[in-house]
1. Under the 0.36 nm per residue contour assumption, what length would be gained going from the current alpha-carbon distance of ASP298 and ALA274 to full extension?
2. Please build a GNM for the chain, connecting alpha carbons under 10 Å apart, and tell me which residue among CYS34, CYS131, CYS210 fluctuates the most.
3. Between ASP213 and GLU98, what FRET efficiency comes out of the Förster formula 1/(1 + (r/R0)^6) with R0 = 25 Å and r the beta carbon distance, rounded to 0.05?
4. Given the Cα-Cα distance of GLU395 and LYS163 and 0.36 nm per residue of separation, how much length would full extension add, in nm?
5. Put a dot 7 Å past each Cα toward the Cβ at LYS138 and ARG412; how far apart are the dots in nm?
6. Give me the Debye-computed log₁₀ of I(q)/I(0) at q = 0.12, 0.15, 0.17, 0.19 Å⁻¹ for segment 1-72, equal point scatterers on Cα only, no solvent, two decimals.
7. Tell me the Kirkwood radius of segment 337-413: reciprocal of the mean inverse pair distance over distinct alpha-carbon atoms, in Å.
8. What nm distance separates the two modelled labels at GLU367 and GLU19, each placed 7 Å from Cα along Cα→Cβ?
Amino acid sequence: MTQYEYAKSDFSAFGVDVEGALEKLKTIPVSVHCWQGDDVVGFDGGGAASGGIQTTGNYPGRARSFDELKADLKQAFSLMPGKKRLNLHASYAVLCGEKVDRDAYRPEHFSPWVRFAKEIGLAGIDFNPTCFSHRNVKDGLTLSSPDEKIRKFWVRHCIACLKIAEYFADEFSTPCLVNIWVPDGLKDVPADRLTPRLRLKKSLDEILACGYDRKKVVVAVESKVFGIGVESYTVGSNEFYQNYAAKNDICCLLDNGHYHPTEVVSDKIPALLAFYDRIALHVTRGVRWDSDHVVVLDDELKEIAKEIVRNDAVDKVMIGLDYFDASINRLSAWVTGQRAIQKALLAALLMPHDRLKKLQDAGEFTELMVMQERVKDLPIGAVWKEYLSREGLDEDYLTAIRAYEKKILKERL
Ligand code: RNT
Ligand code: ZN
């Protein structure tokens with residue numbers, strides 16, 4: 001028997017259908033963020049990421065152009081198993097020298113991305129307005145700015161993004177997620193916490209009123225606690241956006257770096273599933289703060305995957321990645337994170353959830369604990385290996401990345 005066959009029989013002793021798990025895993029899309037490849041710089045002249053987020057490290061080989069980013073993405077995607085989407089920021093518009101500001105971006109500025117995504121077989125594109133790294137971020141504010149000119153600029157930018165998202169949806173015949181995150185906040189004690197929020201609310205109302213097609217475009221709002229330099233107040237807080245989303249029938253995006261350290265997104269997923277048909281995730285890894293470390297297979301990632309799988313919510317939870325580490329090879333960062341979430345999903349698909357749920361409801365907490373510990377030892381690695389081989393891959397992705405580094409990245413000085 002092969003390792004995989006042994007593993008299969010171990011799992012079937014717990015009533016787990018391993019073949020079914022493998023079939024399911026390859027259908028769960030993961031939206032891979034473009035911004036790990038260039039430290040969130042983009043192509044439209046904004047420069048290094050601002051707005052309270054920061055990339056640290058200076059590993060050589062950062063992609064500095066569309067062609068370089070495409071080449072890196074192509075290489076990285078070729079080492080990722082499963083169904084993949086591309087998550088783009090508006091600042092990655094391919095402008096070809098045209099003088100156009102973010103409030104006037106059009107689908108054609110992204111058609112080269114569509115061509116690329118189709119060429120490498122991606123399932124779709126998701127999108128993000130870029131409300132940072134731009135001269136119209138005034139006093140740290142965008143959609144909540146008291147300056148009407150500034151506020152309106154960002155409203156127009158978000159509306160432009162919704163139109164571009166409709167184009168992505170049409171091109172791939174799959175809905176496009178548009179995630180609105182703004183850096184708006186204050187460094188020090190506010191004199192007024194309400195009015196900026198009312199302005200943000202008004203801006204969102206104006207954006208949603210643009211008449212976009214709700215079947216094609218899923219709009220999400222992403223809250224956070226604080227950012228660097230804006231520690232005292234965040235306009236788009238958790239309560240603000242959750243209520244906004246509920247009242248306006250849009251979607252919440254949960255970034256697991258965006259909560260207090262003992263709060264967990266794995267617990268928030270089932271809380272929101274009680275009310276929403278859809279939720280979106282930015283899967284990241286915060287180390288002590290929203291540090292956007294590369295996603296690895298840690299306990300919370302496994303819990304997040306469990307909540308998606310055991311609540312039958314793979315079609316409801318839109319999974320995206322969001323991290324940026326410039327201290328290591330950026331392609332390896334991409335692949336490591338994408339494989340980690342896939343592995344977590346596989347581990348979740350290989351659990352006897354029905355049995356475990358029954359034990360909980362029967363109050364059999366002793367047996368529940370014992371069982372939960374036992375399933376941790378099951379040979380997930382052998383199943384993962386089988387999955388990779390069916391996807392034409394193996395465990396080693398570093399050799400290919402090292403070769404690419406030697407040939408391509410080393411030349412970028
Ligand atoms: C920032 C948010 C946001 C960004 C990306 C680049 O804290 O997580 O999602 O990381 O949009
Ligand atoms: Zn995020």
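1. Working: separation 24, 0.36 × 24 = 8.64 nm, distance 2.58 nm.
Residue separation times 0.36 nm, minus the Cα-Cα distance, leaves 6.1 nm.
2. Per the Cα network of the chain with a 10 Å cutoff, CYS210 tops the list.
3. E between GLU98 and ASP213, to the nearest 0.05, is 0.40.
4. On the way: separation 232, 0.36 × 232 = 83.52 nm, distance 3.99 nm.
Gain on stretching GLU395 to LYS163: 79.5 nm.
5. The two pseudo-label positions are separated by 3.6 nm.
6. -0.60, -0.66, -0.71, -0.79
7. 15.5 Å
8. 2.9 nm
The numbers here are math on the coordinates, done by the rules we state, and not lab data. All values reported here derive from a predicted model rather than from experimental measurement. Methodologically, a virtual Cβ is constructed for each residue, glycine included, from the backbone with ideal geometry; neighbour enumeration extends over all protein chains shown.
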